[in-house]
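Beneath this line is the structure, given in structure tokens, with notes to follow.
The values are calculated or read from the model by the stated rules, or taken from the named source; none is laboratory data. Just so it is clear, the model here is predicted, and its values are computed rather than measured. Reconstructed Cβ throughout: ideal geometry from the backbone, glycine too, with neighbour counts over all protein chains shown. Remember, those area values only see protein heavy atoms, side chains included, never the ligands or the DNA or RNA. Shrake-Rupley method; radii C 1.70, N 1.55, O 1.52, S 1.80 Å.
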Amino acid sequence: MTTAQQTTGAGHRRAPQHAPPSVRPPWYVTGGAVLLLVHAGAAAVVLLWWSNTESVVGLAGWLTNAGRLTGLLAGYACAVLLALMARIPFLDRTVGSDRLARWHAMGGRYTVSLAVAHTVLIIWGSSAASGTGLVEQTTTLVFEYEDMLWAAIGFLLLLAVGIVSARAARRRMSYETWHFLHFLTYLAVFLAFFHQLSNGTDFAGSTTAVTAWYVLYIGVAAALLWNRFLTPVRRALRHRLRVSEVHPEAPGVVSLYITGRDLEKLGARPGQFFRWRFLARGHWWTANPYSLSAPAGSGFLRITVKAAGGHSRGVASLSPGTRVWAEGPYGAFTPERRTRTKVLLVAGGVGITPLRSLFETLPGQVTLLYFARSFDDLALREELDDIAAARGAGVHYAVDEPGGASVALTPGSLGALVPDLADHDVYLCGPPGMTAAARTAVRGAGVPRHRIHHETFAF
Ligand SMILES: Cc1cc2nc3c(=O)[nH]c(=O)nc-3n(C[C@H](O)[C@H](O)[C@H](O)COP(=O)(O)OP(=O)(O)OC[C@H]3O[C@@H](n4cnc5c(N)ncnc54)[C@H](O)[C@@H]3O)c2cc1C
């Protein structure tokens, strides 16, 4: 018999929570407002250039003015890029970390292009104006103008980060190497900051423009310092998290139970994730994202980790008592995204983790469809069955093995499995190919885009 309580693999008991829905506007409402703000800022930057430009005369004039404008826009874009990665809780919960990371990656390409254009145009323009050669003009600009040497170093660092972030180069290096090299962006932006004020015609004599630039950069720096450094340290000291148990779930998959003080004050919602740093040999220098695989709030946090590479493999051999730093909670893959009383959850492999928490806590009529390669790979199956029985929810295991009741990801098969599918919200988490196919299928079955919610395990 299943009861309203459900036992975790490690013997922790908790009561299901049925939090009342507090529906948030869809991500594209907040996301649209953020993009509008970013574009309004860019328009203000163009206006600043416009108001300081009486006329543009000759080739040299056109080149230097284009150089000024691209430089201003590059300076502005640098601040926006860093703000997107400042882990501002409001943005993270409404727009979502994965979408912010995608915007950051796309914005990074524009920023590097603008910085390159600015450099080339300014050198070419001043060379045309003074009648000197490009090499001589470059040397003059770098060594004779205030703060320009630092700006040149910053530019080269930014270029290097841009090159290592290109898809082809990134594929060849480990995530950690790429991540640490990426930190050079902070140094690059810092080094390039001062030449904007000391040499930028648009800032000369305009206290308002200079003040606005300082407010922008100091605001972003404060958000980064607060969210990425001070808050994690404060939380680590406050919650004193430790691994309490490591529990095998399936081949290559373990659950980690983490205990600590005042866990409810972390404010973690089902479906969210933290970046976990384990203070153990081989782990302390990297923080990896893992979703909560059980709702927080019963004296422990739980994550379920599949061995994918060095870090995730090592999680299985962590000892109870290991200190943990958790940065978060992050993510917009939460019950607040729901807009209908009927919900379909579609999980693939270890993508079950955030959906397991949502399966227990989402109010309304919930159906879970869980894809796995083999029966052995169905992690957390016992507790999923318990939850299904306790709340009278439907659960379907689609396994790629004989007798595995596999389901084709087509509108017809999904519609046959979930009647009235068009009137559902759909939460998806799994490998990219599977989630793309599932998204197409549910769209084909009549679920509108804004009711499909998606968590991706790769930034
Ligand atoms: C929001 C989110 C939630 C996740 N939840 C879970 C979960 O509940 N259970 C689970 O098993 N896995 C989860 N993952 C995936 C997990 O983070 C990666 O499998 C793990 O970090 C791989 O690290 P590795 O060193 O073992 O492997 P590697 O071989 O070093 O990395 C494999 C891939 O994982 C990604 N990755 C590695 N390190 C990081 C990092 N620090 N930050 C972001 N991405 C990284 C990269 O795309 C990399 O190419 C989640 C990922 C994200 C982004």
Q | Rg followed by Dmax, in Å, when region 215-367 is reduced to its Cα trace | A | 16.3, 52
Q) Could you state the number of Å between the C-alpha centres of region 282-328 and region 27-65? A) 44 Å
Q: With a 1.4 Å probe and every protein chain kept in, tell me what percent of the accessible surface of the chain is carbon plus sulfur.
A: 64 percent
Q: Taking the Cα atoms of region 335-455, report the difference between the largest and smallest coordinate on each principal axis, in whole Å and largest first.
A: 34, 28, 24
(Q) Explain nothing, just the number: dipole magnitude of the chain about its Cα centre with +1 on each Lys and Arg Cβ and -1 on each Asp and Glu Cβ, in debye rounded to the nearest 20. (A) 860 debye
Q: Could you give the C-alpha radius of gyration of region 240-330 expressed as a fraction of 2.2 N^0.38 Å, taking N as the number of residues it contains?
A: 0.97
Q: With unit charges on the beta carbon (Lys/Arg positive, Asp/Glu negative), name the residue among His454, Met434, His396 whose Cα is farthest towards the positive pole of the charge dipole of region 335-455.
A: His454
Q.
Per-residue counts of other Cβ atoms within 10 Å, averaged by peptide: what ranking do you get for 401-410, 216-225, highest first?
A. 216-225, 401-410
Q. Cα atoms only, the chain: Rg and Dmax in Å?
A. 25.8, 89
Q | Exposure rule at most 12 other beta-carbon atoms within 10 Å, DSSP loop trypsin sites (Lys or Arg not before Pro): the chain longest free segment | A | 282-459
Q: At a 1.4 Å probe radius, which order do Leu428, Leu159, Leu82 fall into by accessible area, largest first?
A: Leu159, Leu82, Leu428
Q.
Report the Cα centroid-to-centroid distance between region 377-401 and region 196-242 in angstrom, as an integer.
A. 47 Å
Q: Mind checking region 315-387 for chymotrypsin sites (Phe, Trp or Tyr not before Pro) that DSSP puts in a loop (not H, G, I, E or B) and that have at most 14 other Cβ atoms within 10 Å?
A: Phe375
Q. What FRET efficiency do you get for Tyr175 and Ala44 if R0 is 51 Å and r is their Cβ-Cβ distance, rounded to the nearest 0.05?
A. 0.90
Q) Where does helix 134-144 land angle-wise versus the long Cα axis of the chain, in degrees 0 to 90, nearest 10? A) 80 degrees
Q) Once the Cβ-Cβ distance between Ser298 and Val233 is put in as r, and R0 is 35 Å, what FRET efficiency do you end up with, to the nearest 0.05? A) 0.85
Q: Whenever you get a sec, line up Val343, Val210 from highest to lowest accessible area (probe 1.4 Å, protein heavy atoms).
A: Val210, Val343
Q) To the nearest 500 deg cm²/dmol, what mean residue ellipticity at 222 nm is calculated for the chain from DSSP H runs of n ≥ 4 alone, each contributing -39,500 (n - 2.57), summed and divided by the residues? A) -15500 deg cm²/dmol
Q. Residues of the chain: accessible area per residue at 1.4 Å, in Å²?
A. 47 Å²
